[in-house]
Amino acid sequence: MNVRAFAVAVNIAVAVSLITFISFAGAARGQTAAVPMPVLPIVATGSTDQTIRVFNSAGKQIQSALAHESAVNCLIFSNDGKRIVSGGDDKTIKIYNADDLSLEQSLDAHDKPVLSVALTPDGRILASGGADNKLKLWNANTGKLLKTISAHNGSVRALAWNAQGKRLASGGADRLIQLWNSDGTPAGTIVGHDEPITSLVW
């Protein structure tokens, strides 16, 4: 299998914070995820304090919302910067309007904490991975569940779509990287790590 176009970045230690070297005045302790908006100099963060916070490039908080009933484990912007998607310890996925953090959808997603989320570049399909070892595909516009896949022999900790939105990669606690077509059918397996996969980029 040709995997040269597929870049995999793995941090063997669990990434407790993705914003270690960014310091915002007044930012909450216990941040678990941080992601920049693709189209504006804005950063959104998720925390064990159950909130999502949005900061501008000067480090000023401009939005905040109580997002989940427990820790926010993962967070992404849509490519057009219009939506924020989060996954939490409360087993739910939340989809927010990025302008004002108004809640658009709440999905009862997994039987255990949601650990990873990923949107196709066009924002139409949402993938989620959980501590229940499941990978799920959703219609991101309607919230309809499209497919449930027993993806790994362990929690699904990382997800990434390719630039065309035709292939999805999932990384698991079983140390495997599984490749999937956009309809959820298997497309291959990559083996190469001795510890759980915690992050992916494609």
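Pull out a ≥ b ≥ c, the square roots of the eigenvalues of the alpha-carbon gyration tensor of segment 51-97, then state rounded if a/c is under 1.5, prolate if not and a/b is larger than b/c, and oblate in the remaining case. Oblate is the answer for segment 51-97, as a/c is 1.5 or above yet b/c matches or exceeds a/b. Backbone phi angles across segment 118-129, fed through the Karplus curve with coefficients 6.51, -1.76 and 1.60 (θ = phi - 60°), yield HN-Hα couplings of 7, 9, 4, x, 7, x, 8, 10, 10, 9, 9, x Hz in residue order; Gly and Pro are listed as x.
Reported value for segment 87-133: 75 Å³ per residue, from the convex hull of its C-alpha atoms. Think of a 1.4 Å ball rolled over the protein heavy atoms: segment 83-202 then has 42 Å² of accessible area per residue. Evaluating 6.51 cos²θ - 1.76 cosθ + 1.60 at θ = phi - 60° for every residue in segment 134-151, the Karplus couplings come out as 9, 10, 10, 10, 10, 6, 5, 8, 10, x, 6, 6, 9, 6, 10, 10, 7, 8 Hz, glycine and proline recorded as x. Which shape class applies to segment 92-194: rounded if a/c is under 1.5, otherwise prolate when a/b exceeds b/c and oblate if not, where a ≥ b ≥ c are the square roots of the Cα gyration tensor eigenvalues? Verdict is prolate for segment 92-194.
The aspartates and glutamates whose alpha-carbon is closer than 14 Å to the alpha-carbon of residue 94, local same-chain residues fewer than 8 away aside, are 69, 104, 108.
Checking the cross-link pairs 60/91; 60/144; 82/112; 82/136; 144/166 against a 26 Å limit on the alpha carbon distance flags 60/91; 60/144; 82/112 as lying beyond it.
What the phi angles of segment 54-60 give under the Karplus curve with 6.51, -1.76 and 1.60, with θ = phi - 60°, is a coupling list of 10, 10, 8, 5, 8, x, 8 Hz, glycine and proline written as x. Normalising the average separation of contacting C-alpha pairs (under 8 angstrom, six or more residues apart) by the number of residues puts the relative contact order of segment 35-94 at 29 percent.
The Cα-based radius of gyration and maximum Cα-Cα distance (Dmax) for segment 27-169 are 14.0, 43 Å.
The values are calculated or read from the model by the stated rules, or taken from the named source; none is laboratory data. Source: prediction; values computed, not measured. Surface accessibility is based on the protein's heavy atoms, side chains included, excluding ligands, DNA and RNA. Shrake-Rupley method; radii C 1.70, N 1.55, O 1.52, S 1.80 Å.
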